[in-house]
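One structure is given below, encoded as structure tokens.
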Amino acid sequence: MSILMLDQKNQVIGIHTVSVGSLTASIVHPRETFKAAILANAAAIICGHQHLSGDPQPSREDRAITIRLHQAGKVLGVEVLDHIIVGDGRYFSFADEGLLERG
């Protein structure tokens, strides 16, 4: 998983690779996800990763980590604007699907 770190005007101020997964899994923890964002004084992040299968539909684990990251971001004051999964020329956006509440 990688994150785009954004300032208060949603301008990209950095990109950070949080974890590199195997063929079927990746370990993602909120602590590692937000560390770089906090050090960069980011106001928000956008998460993203690729499904090597080509199917961008989120797994149960993708949904669970997105909820955890969104909740952790609220506590830390770093908003999670989206989690985008890409695969085979298509993508899935949690924000576009209305699965992330704003604010």
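The values are calculated or read from the model by the stated rules, or taken from the named source; none is laboratory data. Here the structure is a predicted model, which is why all the values come from computation and not from measurement. In this analysis, Cβ positions are derived from the backbone assuming ideal geometry, glycine residues included, and neighbour counts consider all displayed protein chains.
Please determine, by comparing only the residues of region 79-95 that are of a type in the set (D, E) and surrounded by 15 or more Cβ atoms within 10 Å (Cβ to Cβ), which one is nearest to I3 (Cα to Cα).
We begin by selecting, within region 79-95, every residue of a type in the set (D, E); these are 79, 82, 88.
Now narrow it down to the ones that are surrounded by 15 or more Cβ atoms within 10 Å (Cβ to Cβ): 79, 82.
Values: E79: 12, D82: 10 Å.
Step by step, filter region 79-95, then rank; the result is D82.
Condition check: surrounded by fewer than 15 Cβ atoms within 10 Å (Cβ to Cβ) and either small (G, A, S) or at pLDDT 95 or above (or both). Does S22 satisfy that? Judged against the criteria, S22 is a match.
So, in region 1-18, of the ones that are of a type in the set (S, T, N, Q) and surrounded by fewer than 14 Cβ atoms within 10 Å (Cβ to Cβ), which residue ends up farthest from I67 (Cα to Cα)? Steps first, please.
Of region 1-18, the ones of a type in the set (S, T, N, Q) are 2, 8, 10-11, 17.
Adding the requirement that they be surrounded by fewer than 14 Cβ atoms within 10 Å (Cβ to Cβ) leaves 8, 10-11, 17.
Working: Q8: 22, N10: 21, Q11: 24, T17: 19 Å.
Among residues in region 1-18 that are of a type in the set (S, T, N, Q) and surrounded by fewer than 14 Cβ atoms within 10 Å (Cβ to Cβ), the one farthest from I67 (Cα to Cα) is Q11.
Scan A72, A40 and give me the residue that is surrounded by 14 or more Cβ atoms within 10 Å (Cβ to Cβ), under 17 Å from I13 (Cα atoms) and either at pLDDT 95 or above or not acidic (D, E) (or both). Selected residue: A40, the only one of A72, A40 that is surrounded by 14 or more Cβ atoms within 10 Å (Cβ to Cβ), under 17 Å from I13 (Cα atoms) and either at pLDDT 95 or above or not acidic (D, E) (or both).
Just one residue in the set H70, H83, H49 is without any contact (Cβ under 8 Å) to a residue 40 or more places away in the chain and assigned to a strand (DSSP E or B); that residue is H83. In the set (1) at pLDDT 95 or above; (2) among the small types (G, A, S); (3) surrounded by fewer than 19 Cβ atoms within 10 Å (Cβ to Cβ), G54 fails one condition alone, (1). Out of all the residues in region 30-49, is one or more among the aromatic types (F, W, Y), under 19 Å from L4 (Cβ atoms) and out of contact with any Pro (no Cβ under 7 Å at 6 or more places or on another chain)? Yes; the residues of region 30-49 include at least one that is among the aromatic types (F, W, Y), under 19 Å from L4 (Cβ atoms) and out of contact with any Pro (no Cβ under 7 Å at 6 or more places or on another chain).
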